[in-house]
Structures are given as structure tokens and as C-alpha cells.
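A quick write-up on the structure given underneath.
The values are calculated or read from the model by the stated rules, or taken from the named source; none is laboratory data. None of these values were measured; they are calculated from a predicted model. Here Cβ is always computed from backbone atoms with ideal geometry, including for glycine, and neighbour counts include all displayed protein chains. What goes into the accessible areas is simple: the full protein's heavy atoms, side chains included, and nothing from ligands, DNA or RNA. Shrake-Rupley method; radii C 1.70, N 1.55, O 1.52, S 1.80 Å.
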Amino acid sequence: MLATLVMTCCLVGQAGAQDTLGQAPPNGAIVLFDGTSLDAWRSQSGKDSPAPWTVADGAFTVKPGSGSILTRAEYPGDFRMHIEFKVPHMPDATGQARGNSGVYLQGRYELQVLDSYGLDSKNNDCGGIYQQHKPLVNACKKPEEWQTYDIDFKAPVLQDGKEVEPAVVTIHQNGQLIHDKAPIRTTPGGVSTKPATAGPILLQDHGNLVSFRNIWLLPITK
Ligand code: MG
């Protein structure tokens, strides 16, 4: 499946932005989902519980009500991450009820997933860092279309357990810059609101049938 994704990789013309759909994991990357198995993930509700979401057609989809899932491993330090997502078409829902999920970096910082196509983006819309930063531009595609996040995450610096430098993110959505070296604080709903030097990736169950595929993480060594 991954090979198929890579072969379908394409460019889009929007503002010259390069879409990264199907981008292959670079050398040294940890593949978090290869299209077939959620073995790298577990249920948030139980350390030994497998992730109960539905895998089909090279992707997986939230199983509403089953709870969020997170990687079994934690990743220390800085990393680059690629993830593809698709929000459902929910014409009768609005706001936070329309295609909501989230990608929690270190399990602590929510990069919002939502159907925000065509809206004047706010902090809590798709591409926002929940309750902190709205995206620089609304780069959203229509619901039912696959989208990409390419994330450069710089871990916070802690001394004696206290944060002395915040985490910083640069993020592209569908090839467009939506956060440029933005300092961030932890957000609610993850594994903890206490800053840490390592953490998992968590994907949010917000009751909507959001799908994900082609997820990899490249640790950055200094
Ligand atoms: Mg969310």
C-alpha cells in the first residue's frame, strides 16, 4: 500500500505549495502506520489494550466511543513527523462537532483535526494549536479528501523538571505553512498537561469518523 501511495505522490498548484501526500518515510524514520497494522498503537484506556480503531484500505478510522489511541513508544527530543488524515462529510454538524479529532504531539500538544474547509480559521479550527494559535492560512481541503500535516517539533527544554524553553512547532498543512516556529504550551485532553522531554503520539477520539494513514516520525539528533 505504501508503495502505491508513494507512486501517487503529486504536486498541487495552490500558491506553489508542494502537497506531500504519499511521502515515503526517509532513512531513519520510524513507521507508525504502514497501511496494515495498528501494532505500534494502544488504547489510551489500558496499557496492554490494543488500539481498537478500524483498519481498512490502507488507512484506519476512529471507532467512536472507543477512546483515543497512542503509540506504545515514547519519542524523546525533536522530531519531524508526517501524517495524512481525512475528515468525514457531516453537513448537519457544525463547529467542533464536524469531523473532530486531533494529533497530540508528545501526547500533550493538540494539533486540531476538524472540517474547517472554507472557514475564517480560529484557534480551535483545523490546523490550529488548540486554544493557542490559529493557522497562518486556512489550508484545508474539502471533507472526504486526504490531507497532510508535516510537523517539525522541537521539544521543550526542562531543568529540574521545570520548563525553561517551550516546545516550538513549524507545521505545513497540504504543503502550506500554517505555523512558523510557534512556541506552544500543553493543551487539554492528552496524556498530561505537564511538559516533558519525551512522549507518545496520541490521536483523539472525538466521536467522529476521521481516518488516518501514512504516519512516520523521524527523530532529529542534534
Ligand atoms: Mg480535536
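Tabulated results
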item	result
Unmet requirement for LYS222, which otherwise passes all of (1) basic (Lys, Arg); (2) in a loop (DSSP other than H, G, I, E, B); (3) crowded, with 23+ Cβ neighbours inside 10 Å	(3)
Cβ-Cβ under 9 Å pairs, at least 6 apart or on other chains, the range 51-76 side touching a residue at least 60 places away in the same chain (Cβ under 8 Å), far side open to solvent by less than 40 Å² (accessible area, probe 1.4 Å) and among the basic types (Lys, Arg)	GLY58/ARG213; ALA59/ARG213; PHE60/ARG213; ILE69/ARG42; LEU70/ARG42; THR71/ARG42; ARG72/ARG42
Members of the range 131-171 found to be within 16 Å of the ligand (Cβ to nearest atom), in a loop (DSSP other than H, G, I, E, B) and buried (at least 22 other Cβ atoms within 10 Å of the Cβ), listed by number	PRO135, CYS140
Sole residue being part of a loop (DSSP other than H, G, I, E, B), surrounded by 18 or more Cβ atoms within 10 Å (Cβ to Cβ), within 11 Å of the ligand (Cβ to nearest atom) and in contact (Cβ under 8 Å) with a residue 40 or more places away in the chain, chosen from GLY99, GLY107, GLY127, GLY189	GLY99
Those residues of the range 192-222 which are within 14 Å of the ligand (Cβ to nearest atom) and among the charged types (D, E, K, R), in sequence order	ASP205
Residue in the range 205-213 that is of a type in the set (Lys, Arg), buried (at least 18 other Cβ atoms within 10 Å of the Cβ), touching a helix residue (DSSP H, G or I) at 6+ places or on another chain (Cβ under 8 Å) and at pLDDT 95 or above present	yes
